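What follows is a single structure, written as C-alpha cells, with notes after it.
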Amino acid sequence: MNEAGESIFRATSRDGTKVACVVEGSGPPLLIVHGTGDTQRGWRRLRPLLSPHFTLYLMDRRGRGVSGDKDDYALEREWEDVAALIDALPEPANVFAHSFGAMCALEGALLARGLRRLCVYEPSVNRNTGNPRREATIDEMARLIALGDREAVVSIHLRNIINASEETIAKQREQREAWSARLAMAHTMPRELVALRHYRFDAARFGALKVPVRVLLGEKSAGHGPQTAQSLVEAVPGAELVRLEGQGHFAMLTAPELLAQKLIEFFQ
C-alpha cells in the first residue's frame, strides 16, 4: 500500500530500476501502459468500467508516480520495464497500451515471456520525418523545462505533439489531480521525445509476435497513425484493426465506454 491506500505491485527492471503499478479490480490481469504526457491517473474514466472484469495493473512508467527512475535514459529501458512487469505478474497477462506507451509495449512484447494478448492504441512511431514544427516543439520543451515552466511544457506537448484541440486541452486541465500529476512528470517528456528521434519503426519485426494483437485507431486521427496501424496489421499474423468511431487520440477521455467495450470484447 502507498500513502493514498492504493495497492502497489512492483517489479525490478533489467537496469535495477523499480517499476510499479497501482492495482485494483478482480479477474484476469490487465497491464495498462500510458503515453508520454500522462501517468496511471489518466485512466480515471476507464478504470471503473474495466475493474469489474479484470485485475488492473496501472503502470506508472519510469520517472512518474510510484515508479523509480535513473539518470541514464534510453528507450530500451522503457521496453525492459514493460517486459519486467509482464513477466512478474502471477499469470500470463493481457496488455493495453496507448501512444508512446504502445510503442514501449510492442517492443516489450518481443522481450517478455508471459504475454497473453496485446492491444495497442495509436503507437507513437514514425512521427518525426519531415516535421520541422514537431522538432522545434521538442527543443522548446527542453528549453522550458530548464526554465522550470512545467505548465507550458505540458500544454505545448498536447497542442503541437499530440495535436489536441484547445477544447481537449481545457478538459484535461479541468481534471486537477491528473493535471497536477502531469506537471510533476513534465521533466520526463522532452527526454522521451528526443530519444524517439532516433527510433526507426519496422513493422516487420513484430511479425514474431505469437499472441493475438488488436490495433486501435481513432476515426478522426491523422498524421502517421493510420499508416502505422495498417502496417502493423499487415505484419503481425492474425492482427486486427479496429477503428474507434468519432474519436481521435484520447478516447479514454472522450468515449471511455466505447474504448472499454473494445477492450473487454478483445481480452475476454
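Packing-based ranking of 261-267, 70-76 yields 261-267, 70-76, ordered from highest to lowest mean Cβ neighbour count within 10 Å. What the chain shows is 42 Å² of accessible area per residue, with the surface traced by a 1.4 Å probe over protein heavy atoms. The residue list 55, 75, 88 was ranked by how far each Cα lies along the charge dipole of segment 45-106 toward its positive end, using unit charges on Cβ atoms, and 55 comes out on top.
Amide hydrogen proximity for residue 36: with H placed 1.01 Å from N in the peptide plane, the residues at 5 or more positions away or on another chain lying under 5 Å are 100, 101. When you work out D = kT/(6 pi eta Rh) for the chain at 10 °C and 1.306 mPa s, using the Kirkwood radius from C-alpha pairs as Rh and the Stokes-Einstein form, the result is 86 µm²/s.
Could you size up the charge dipole of segment 1-121 around its Cα centre, putting +1 on the beta carbon of Lys and Arg and -1 on that of Asp and Glu, and report it in debye to the nearest 20?
Numbers: 15 positive and 16 negative charges, 77 e Å.
Using only the charged Cβ atoms, the result is roughly 360 debye.
The charge dipole of the chain, taken about its Cα centre with unit charges on the Cβ atoms of Lys, Arg (+1), Asp and Glu (-1) only, comes to about 120 debye. Taking every alpha-carbon pair under 8 Å whose residues sit at least 6 apart, the chain reaches a relative contact order of 18 percent. Here the Karplus curve 6.51 cos²θ - 1.76 cosθ + 1.60, taken at θ = phi - 60°, turns the phi angles of segment 240-246 into couplings of 10, 9, 10, 8, 9, 4, x Hz, with x standing for Gly and Pro. The convex hull around the C-alpha trace of segment 136-268, projected and averaged over every direction, spans 9.3 square nanometres.
Backbone phi angles across segment 72-86, fed through the Karplus curve with coefficients 6.51, -1.76 and 1.60 (θ = phi - 60°), yield HN-Hα couplings of 7, 9, 7, 4, 4, 5, 5, 5, 5, 4, 4, 4, 4, 5, 4 Hz in residue order; Gly and Pro are listed as x.
Using the average count of surrounding beta-carbon atoms within 10 Å as a protection proxy, the listed peptides 189-197, 158-166 rank, highest first, as 189-197, 158-166.
Computed over neighbours whose Cβ is under 12 Å from that of residue 20, the net charge equals +1, Lys and Arg +1, Asp and Glu -1.
Of interest is the spacing of the C-alpha centroids, which for segment 1-34 and segment 61-109 amounts to 11 Å.
Among 248, 16, 108, the largest mean-square fluctuation in a Gaussian network model of the chain, built with springs joining Cα atoms closer than 10 Å, belongs to 16. With a ≥ b ≥ c the root eigenvalues of the C-alpha gyration tensor of segment 1-61, is it rounded (a/c under 1.5), prolate (a/b larger than b/c) or oblate? Judged from the Cα gyration tensor, segment 1-61 comes out prolate (a/c at least 1.5, a/b above b/c). Solvent-accessible area of segment 48-107 (1.4 angstrom probe, protein heavy atoms only): carbon and sulfur portion equals 48 percent. Dimensions of segment 105-183 along the principal axes, based on C-alpha atoms and rounded to the nearest Å, stand at 42, 34, 25, largest first.
The values are calculated or read from the model by the stated rules, or taken from the named source; none is laboratory data. Treat the numbers as computed from the prediction; the structure is a model and nothing was measured. Glycine also receives a Cβ, built like all others from the backbone with ideal geometry; neighbour counts cover every protein chain displayed. Surface areas here come from the heavy atoms of the whole protein model, side chains and all, with no ligands, DNA or RNA. Shrake-Rupley method; radii C 1.70, N 1.55, O 1.52, S 1.80 Å.
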